[in-house]
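Below: the structure, in structure tokens.
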Amino acid sequence: TKWVYSFGDGRAEGEAAMKNLLGGKGANLAEMANLGLPVPPGFTVSTEVCTYFYDHDRSYPPELEQQVATALAEVGRITGKSFGDKDNPLLVSVRSGARASMPGMMDTVLNLGLNDVTVETVARVTGDRRFAWDSYRRFITMYSDVVLGVEHHEFEEALELFKDRKGYTLDTELSGADWSELVGRYKEIVEKALGKPFPQDPREQLWGAVGAVFGSWMNARARKYRELHAIPASWGTAVNVQAMVFGNRGDTSATGVAFTRDPSTGAKELYGEFLINAQGEDVVAGIRTPQNITEKARIAAGSDRPSMEAAMPDVYAELVRIYGVLERHYRDMQDMEFTVEDGKLWMLQTRNGKRTAKAALRIAVDLASEGLLSRDEAVMRVEPQALDQLLHPTLDPKAERKLLASGLPASPGAACGEIVFSSEDAEEARKAGRRVILVRVETSPEDIHGMHAAEGILTTRGGMTSHAAVVARGMGKPCVSGAGSIRVDYKTQTLSSAGTTLRKGDVITLDGSNGQVLLGAVPMVEPELSGEFAALMEWADATRRMKVRANADTPRDAKTARSFGAEGIGLCRTEHMFFDADRILAVREMILADSTDGRRAALAKLLPMQRSDFAELFTLMAGLPVTIRLLDPPLHEFLPQTDAEIAEVAAAVGASVDKLKRRAQELHEVNPMLGFRGCRLAVAYPEIAEMQARAIFEAALDAAAATGTPVTPEIMVPLVMTKAELDLVKQRIDAMAVAVGSERQATITYQVGTMIELPRAALRAGEIAETAEFFSFGTNDLTQTTLGISRDDAASFLGIYTTGGLLPSDPFVTIDREGVGELVKLGTERGRATRSDLKVGICGEHGGDPASVTFCEEAGLDYVSCSPYRVPIARLAAAQAAI
Ligand code: ADP
Ligand code: MG
Ligand code: MG
């Protein structure tokens with residue numbers, strides 16, 4: 001079996017398409033080598049070795065050692081060096097690389113192959129002792145940390161002590177002799193911790209590092225990341241071994257990262273940071289503040305340190321050339337890592353760059369305009385769920401801003417919440433329903449859960465490509481990084497800046513779009529949607545088959561829904577119109593009435609309110625379809641709870657408090673969700689359905705007269721289990737249409753349909769469709785009733801099911817394809833067999849969930865209906881499902 005794949009010198013055994021086998025990093029290193037780009041030679045140990053490793057008690061396939069030796073020899077041939085050689089040592093990096101990028105999850109070891117002998121050789125050959133010993137101390141630190149488990153801070157402390165003793169402030173002040181002295185100290189630390197010396201044999205070092213990379217696949221951080229991103233453990237990671245190039249060889253050397261376009265805005269501008277005379281992760285770790293790549297960015301940032309464009313013009317030109325090659329080749333924005341050794345640029349990594357939703361949109365639309373993508377491809381490039389970020393509020397430009405401090409605009413959007421200083425506190429507060437801002441000096445992969453729990457993230461150190469910035473952008477959370485004027489004191493749980501001190505629990509607001517940290521809660525405004533948003537949505541709309549409607553109960557919802565492109569209202573829950581203070585009383589009167597007359601009196605009060613609500617909805621929707629569901633109150637939501645509430649109703653109807661209390665007790669239900677609700681109410685008290693039908697018809701006529709556009713309301717009967725129920729309610733509705741028609745001297749057009757939310761209704765859909773003119777699958781209730789899981793009580797055990805793999809995902813978020821989905825398909829088929837033009841839609845939370853929308857497309861539904869903010873998500877998801 002082939003376990004090892006070489007790359008370098010303008011060719012490679014792998015390619016970008018082999019990500020599963022080589023991991024993302026390895027596949028792209030191979031691809032870059034194939035493109036003739038300057039990549040240090042190396043080889044990739046495949047992910048299959050990782051699988052083998054865990055299947056065979058952490059051991060390797062027998063052929064591996066020979067294959068690695070051969071590949072190493074090839075790297076030596078290309079570089080003219082030799083691994084383990086005393087006089088001409090080849091040094092390598094050992095880098096992990098899983099199939100999906102797992103930023104910061106796995107650690108890299110640089111300068112491997114150095115030991116007490118080769119460090120002297122390197123010093124001699126390069127004539128640079130500082131460089132040689134700086135490289136060696138980096139190697140010892142990284143290797144000890146990653147492979148030997150000796151913690152980083154031990155070395156940091158030794159370094160700080162040393163600097164203090166010598167009166168240095170910066171690492172760059174240390175000479176070769178200084179580093180060499182410190183390396184001695186480092187080796188003592190290792191020996192003391194492990195009881196044996198730091199390994200000197202390069203081969204032992206190499207296999208130690210390879211084993212550590214495979215071992216780290218199962219570490220807690222990596223597992224947590226996989227869990228959050230649904231990456232199966234079975235994928236494994238690859239290991240890349242690559243000849244070192246050195247960014248720490250003085251002022252003609254550097255290391256950096258760059259995005260081919262701005263990952264926050266999507267603007268077509270090379271965007272990134274670099275550090276002169278530095279190695280590896282110095283840039284990402286935020287130890288030194290990096291410099292800008294372009295002059296333009298330098299000027300915008302007001303930095304007085306030269307940009308790469310100014311300091312290294314030839315290298316910059318080469319980087320721009322390569323960036324063009326990579327973008328055209330991958331047809332996407334790239335996130336590149338590079339190192340400059342003595343004026344020569346080397347590419348160390350490229351991948352499709354993570355970006356904000358705003359940038360994703362702009363980049364997709366721009367790439368299509370540049371001819372690199374078709375419109376359909378552009379539509380496929382934007383993750384529907386990511387649109388959420390664009391549809392949410394930003395700070396009100398008119399609001400007063402009390403500036404506490406400024407940092408870098410690391411991830412856009414606004415967030416407001418209480419300060420917490422640890423991820424544990426963030427998670428805890430979140431569970432208690434409080435909104436928090438996570439404040440850290442810098443974040444690390446251990447903070448991922450806290451970042452998830454927080455509304456926004458604030459760090460006092462680190463650049464635009466720091467861990468906090470990259471991860472926050474991926475999560476779509478606002479982030480301000482590197483707010484250097486803020487001092488964080490974890491011990492006292494306070495932060496201070498410019499004379500102001502805040503403690504844990506105080507409220508701040510972050511503006512991730514300009515890097516401001518503001519005191520208190522600053523008001524927010526609804527987002528303005530960009531031209532790219534409109535363009536992409538237009539392309540999506542041109543492709544999709546399904547319609548997208550909104551669940552909208554009030555005129556305000558309807559306005560939002562229309563502004564987001566809803567093509568109608570798929571569900572207006574009339575009971576939601578009743579919660580307002582002036583109405584709830586009349587509703588309670590109606591519910592508590594113990595006679596038809598009493599009920600009619602209450603209904604008479606509700607009629608004009610309903611009529612004007614409906615008229616406003618019809619007018620706003622201007623002829624677009626509007627589905628109104630008849631009253632479906634789980635009664636308990638409306639019953640008066642307190643004595644004061646009961647007294648209020650008693651006074652209004654002129655009955656005694658005791659009597660009403662008794663009545664309320666009578667109506668109490670053990671299991672209201674399966675109780676006296678839905679059409680059962682209309683069956684028992686037809687006058688309620690009649691009032692609502694009258695309100696709908698009169699409103700339709702009023703709105704049609706006012707707008708000149710005919711209105712055809714769709715009246716939906718909830719929670720039907722038999723055709724007989726629907727027949728009965730429909731008769732009442734039809735009779736009311738005749739009555740209103742003759743009173744108003746008008747013909748009324750309308751449809752009567754039903755919600756399918758009980759398994760029995762789905763099974764009997766064939767006969768129900770004899771009466772129903774449309775179906776809408778109420779998948780929230782259908783999920784409850786099919787799985788027998790009460791939505792309101794699921795929280796205590798559902799998590800165990802999803803994390804334990806007993807259910808693939810929360811069935812209330814993503815439709816249970818096999819169970820509920822089967823009923824949807826079957827109900828649709830049986831319904832359409834009876835009535836071929838039966839209109840079928842879905843109106844649960846699932847209507848705005850991309851995976852469920854995909855299911856609806858496959859099931860051949862006519863439309864999905866979802867909450868107003870999710871309408872764009874559904875439009876895009878429906879388009880993607882159709883492509
Ligand atoms: P991560 O997955 O955390 O980004 P990488 O394997 O990309 O880890 O390594 C991090 C950094 O180490 C790289 O960006 C690069 O600066 C440096 N590096 C890795 N391999 C080499 C090498 N062969 N020569 C020089 N620097 C290297
Ligand atoms: Mg790393
Ligand atoms: Mg990298």
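Numbers below:
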| item | result |
| --- | --- |
| Criterion (under 19 Å from PHE246 (Cβ atoms) and crowded, with 17+ Cβ neighbours inside 10 Å) met by exactly one of ARG130, ARG221 | ARG130 |
| Matching option when the condition is more than 14 Å from LEU458 (Cβ to Cβ), among the β-branched types (Val, Ile, Thr) and out of contact with any helix residue (DSSP H, G or I) (no Cβ under 8 Å at 6 or more places or on another chain), among THR509, THR500 | THR500 |
| Residue match in region 560-570 (condition: over 28 Å from the mean Cα position of the chain (by Cα) and either in a strand (DSSP E or B) or aromatic (Phe, Trp, Tyr) (or both)) | no |
| Given (1) touching a residue at least 60 places away in the same chain (Cβ under 8 Å); (2) out of contact with any helix residue (DSSP H, G or I) (no Cβ under 9 Å at 6 or more places or on another chain); (3) β-branched (Val, Ile, Thr), number of the condition THR460 does not satisfy | (1) |
| Helices (runs of 4 or more DSSP H) completely within region 625-697 that count 1 or more residues being surrounded by 16 or more Cβ atoms within 10 Å (Cβ to Cβ) and at pLDDT below 90 | 643-653, 657-667 |
| Some residue of region 191-204 being in contact with a Pro (Cβ under 8 Å, 6 or more places away or on another chain), of a type in the set (Asp, Glu) and not assigned by TED's automatic domain parsing to the domain that holds ILE322 | yes |
| Subset of region 698-733 that is of a type in the set (Ser, Thr, Tyr) and in contact with a Ser or Thr (Cβ under 8 Å, 6 or more places away or on another chain) - its residue that is modelled with the lowest pLDDT | THR707 |
| Any hit, region 201-216, residues being away from ligand 3 (no atom under 15 Å from the Cβ), assigned to a loop (DSSP other than H, G, I, E, B) and surrounded by fewer than 22 Cβ atoms within 10 Å (Cβ to Cβ) | yes |
| Selection from region 5-31 of residues that are surrounded by fewer than 24 Cβ atoms within 10 Å (Cβ to Cβ) and aliphatic (A, V, I, L, M) | ALA16, ALA17, MET18, LEU21 |
| Residue under evaluation LYS825, criteria (1) charged (D, E, K, R); (2) farther than 27 Å from GLU227 by Cβ; (3) in contact with a Ser or Thr (Cβ under 8 Å, 6 or more places away or on another chain), criterion not met | (3) |
| Residue selected from region 139-151 under the condition surrounded by fewer than 21 Cβ atoms within 10 Å (Cβ to Cβ) and assigned to a helix (DSSP H, G or I), by the criterion nearest to the chain's Cα centre (by Cα) | ASP145 |
| Index of the failed condition, GLU377 passing every other in (1) in contact with a strand residue (DSSP E or B) (Cβ under 7 Å, 6 or more places away or on another chain); (2) surrounded by fewer than 23 Cβ atoms within 10 Å (Cβ to Cβ); (3) modelled with pLDDT of 95 or more | (1) |
| Among residues of region 851-879, those that are in a helix (DSSP H, G or I) and crowded, with 22+ Cβ neighbours inside 10 Å, counted | 15 |
| Of the criteria (1) among the basic types (Lys, Arg); (2) within 16 Å of ligand 3 (Cβ to nearest atom); (3) at pLDDT 95 or above, which one ARG362 fails | (2) |
| Test: residue in region 360-374 that is more than 16 Å from ligand 1 (Cβ to nearest atom) and within 30 Å of SER93 (Cα to Cα) | no |
| Scan of region 314-332 for residues that are touching a Ser or Thr at 6+ places or on another chain (Cβ under 7 Å) and more than 16 Å from ligand 3 (Cβ to nearest atom), ordered by number | TYR323, GLU327 |
| Residues of region 792-808 satisfying the condition of being touching a residue at least 40 places away in the same chain (Cβ under 8 Å) and closer than 22 Å to PRO850 by Cα | THR803 |
| Residues satisfying the stated conditions in region 859-883, i.e. closer than 17 Å to PHE774 by Cβ and among the charged types (D, E, K, R) | ASP862 |
| Filtered residues of region 781-808 (kept if at pLDDT below 90 and within 27 Å of ARG629 (Cβ to Cβ)) | SER790, ARG791, ASP792, ASP793, ALA794, ALA795, LEU798 |
| Filtered residues of region 102-137 (kept if touching a strand residue (DSSP E or B) at 6+ places or on another chain (Cβ under 6 Å), within 16 Å of ligand 3 (Cβ to nearest atom) and not in a strand (DSSP E or B)) | MET106, THR108 |
| Unique match (being over 30 Å from PHE7 (Cβ atoms), at pLDDT 95 or above and in the same structural domain as ASP107 (by TED's automatic domain parsing)) among GLU156, GLU173, GLU151, GLU181 | GLU181 |
| Of all residues in region 346-359 being within 16 Å of ligand 3 (Cβ to nearest atom) and aliphatic (A, V, I, L, M), the one that is surrounded by the fewest Cβ atoms within 10 Å (Cβ to Cβ) | MET347 |
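Condition check ((1) surrounded by fewer than 23 Cβ atoms within 10 Å (Cβ to Cβ); (2) part of a strand (DSSP E or B)) across all residues:
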residue: ALA258; (1), (2): no, yes
residue: ARG261; (1), (2): no, no
residue: ARG288; (1), (2): yes, no
residue: ARG298; (1), (2): yes, no
residue: ARG305; (1), (2): yes, no
residue: TYR316; (1), (2): yes, no
residue: GLU327; (1), (2): yes, no
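The values are calculated or read from the model by the stated rules, or taken from the named source; none is laboratory data. From a predicted model like this one, the values you see are computed outputs, not experimental measurements. Every residue, glycine as well, gets a Cβ built from its backbone with ideal geometry; the counts of neighbours run over all protein chains shown.
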